[in-house]
Amino acid sequence: MPAHARALRMPPAGVRPAGSIAAALDRPSSNLLLWYLGLIPYWTGVAPRLRGRLLLRTHEWIVDRILGPGTTVATALADLGPDGALERALTALVPPAETERWRRFIRAVVARLRHALLRPVTRRNEAWLRWLFLIPYGARESWPGARERAG
C-alpha cells in the first residue's frame, strides 16, 4: 500500500503507548492529513521516477516507525544506522547497476532523518512531523546528477 494511503490509517491517540515516539506528539490533526494529501501530486510527480519511489518508501517508513504504535526512538534510530533497515529498503528499490549513483542520496535521507529524531522531545510537534515527510523531497543536492544541473 502506498505511503500516502497508509498515512490515512494512523492509529487513534489512545493506541499510542507511553514511551512511543508518537506519544510525544499531540494527535496529528486533520490538517496534517490534508497537507499531505494536497502534496500527493508533488510526491508522485517527482523526477526521476526512481527518486519518487525512494521518497514514497521513506514516507512509508515514517508512518510505520514514527507514527506506528509501540515505536520508540531507539528502534527508529536502529533502522537509521549504517546499513540499517531504511537504507537497505531504499537500496533494494535501486537497480543494481545504479546503486553507486544513488548511494549518496539514500545516505543523505537516512542521516537527515536520524538528525531529526535526535531533536528534543519538546520540539516534536506537527511541524516537526511535516519536516520528516519533506526530508527526502528536499535532499535534491544529493541525488544523481544534481551537481551537473546546478553548475
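Derivation of every value follows stated rules applied to the coordinates shown; laboratory data play no part. Predicted, not measured: the structure shown is a model, and the values here were computed from it. Because the Cβ atoms are built from the backbone with ideal geometry, glycine has one as well, and the counts that use them run over all protein chains shown.
How far is it, in nm, from the label point at Asp64 to the one at Arg101 when both lie 7 Å from their Cα along the line to the Cβ?
2.6 nm
Listed highest first by mean packing, meaning other Cβ atoms within 10 Å per residue, what order do 55-62, 128-135, 95-102, 67-74 come in?
Output ranking for 55-62, 128-135, 95-102, 67-74: 55-62, 128-135, 67-74, 95-102.
Multiply the residue gap between Ala111 and Ile40 by 0.36 nm, knock off their C-alpha separation, and tell me the result in nm, one decimal place.
That works out to 23.2 nm of additional length.
Please order Arg107, Arg88, Arg65 by the number of other Cβ within 10 Å, starting at the fewest.
By the 10 Å Cβ count, ascending: Arg88, Arg107, Arg65.
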